[in-house]
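*Asks:* The structure's right below; bear with me while I get my questions together.
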């Protein structure tokens, strides 16, 4: 399962995203907080998210105002925390020097890669 989480993290960091009619300043504010992986679109990613839920696993992304963040992967009471730095630049998020494109729709953070999308809900 740790491999699955690692694959999802790599996918997150490798993405190109579109920023949904907001300026970079708006996105910098809107992304602050905790986001829990809730769903996906695309066959492979949807199956991976369903399997994570089946095994009681969760993934939370935290974005802080100071440009730092955490990915918290949990299975039961066991947690693994990965820290990262990020910045919003030209309607993209750059996480540890890897650019990614995204959009925020209502209280959902959509992250897409090669036709697959991960959907995180604001906590």
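Laboratory data are not the source of any read-out in this text; all were calculated from the coordinates shown. Quantities reported herein were computed from a predicted structural model and do not represent experimental measurements. Here the Cβ is made from the backbone with ideal geometry for all residues, glycine too, and neighbour counts use every protein chain on show.
*Asks:* Give the distance, in whole Å, between the Cα centre of region 87-102 and the Cα centre of region 26-56.
*Replies:* Each part reduced to its Cα centre gives a spacing of 18 Å.
*Asks:* Could you rank the peptides 81-87, 115-121 by their average count of other C-beta atoms within 10 Å per residue, with the highest value first?
*Replies:* Output ranking for 81-87, 115-121: 115-121, 81-87.
*Asks:* With an 8 Å cut-off on Cα pairs and a minimum separation of 6 or more residues, tell me the relative contact order of region 67-123 in percent.
*Replies:* Relative contact order of region 67-123: 18 percent.
*Asks:* Also: Using the Kirkwood radius over C-alpha pairs as Rh, can you work out the diffusion coefficient of region 45-114 via Stokes-Einstein at 10 °C, viscosity 1.306 mPa s, in µm² per second?
*Replies:* Diffusion coefficient, whole number: 117 µm²/s.
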